[in-house]
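Trainee: Before we start, here is the structure in question, set down as structure tokens.
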């Protein structure tokens with residue numbers, strides 16, 4: 001991610017539904033995701049014609 005006047009940001013995003021957590025991120029964090037605070041819940045919305053998912057991340061970029 002880049003924004004004018006800020007250092008580039010490279011990150012990984014972790015979702016609670018990822019199979020790597022074996023159903024429980026709080027008990028199954030690992031070297032790939034070292035902290036439960038980095039895991040975001042997934043909000044599912046079931047529409048009549050499609051299914052969607054959303055997650056919220058707050059990113060703060062450091063100025064140059």
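Trainee: With the checklist (1) in contact with a helix residue (DSSP H, G or I) (Cβ under 9 Å, 6 or more places away or on another chain); (2) exposed (fewer than 10 other Cβ atoms within 10 Å of the Cβ); (3) modelled with pLDDT of 70 or more in hand, flag the one item residue 27 doesn't pass.
Mentor: (3)
Trainee: Could you identify the single residue in 59, 44 that is out of contact with any helix residue (DSSP H, G or I) (no Cβ under 6 Å at 6 or more places or on another chain), surrounded by fewer than 11 Cβ atoms within 10 Å (Cβ to Cβ) and modelled with pLDDT under 75? Show your work before the answer.
Mentor: Numbers: 59 fails: modelled with pLDDT under 75.
Residue meeting the stated conditions: 44.
Trainee: Here are the criteria: (1) exposed (fewer than 10 other Cβ atoms within 10 Å of the Cβ); (2) modelled with pLDDT of 75 or more; (3) part of a loop (DSSP other than H, G, I, E, B). Tell me which single one residue 52 does not satisfy.
Mentor: (3)
The values are calculated or read from the model by the stated rules, or taken from the named source; none is laboratory data. Keep in mind it's a predicted model, so treat the numbers as computed, not measured. Cβ atoms come from the backbone with ideal geometry, glycine included; neighbour counts cover every protein chain shown.
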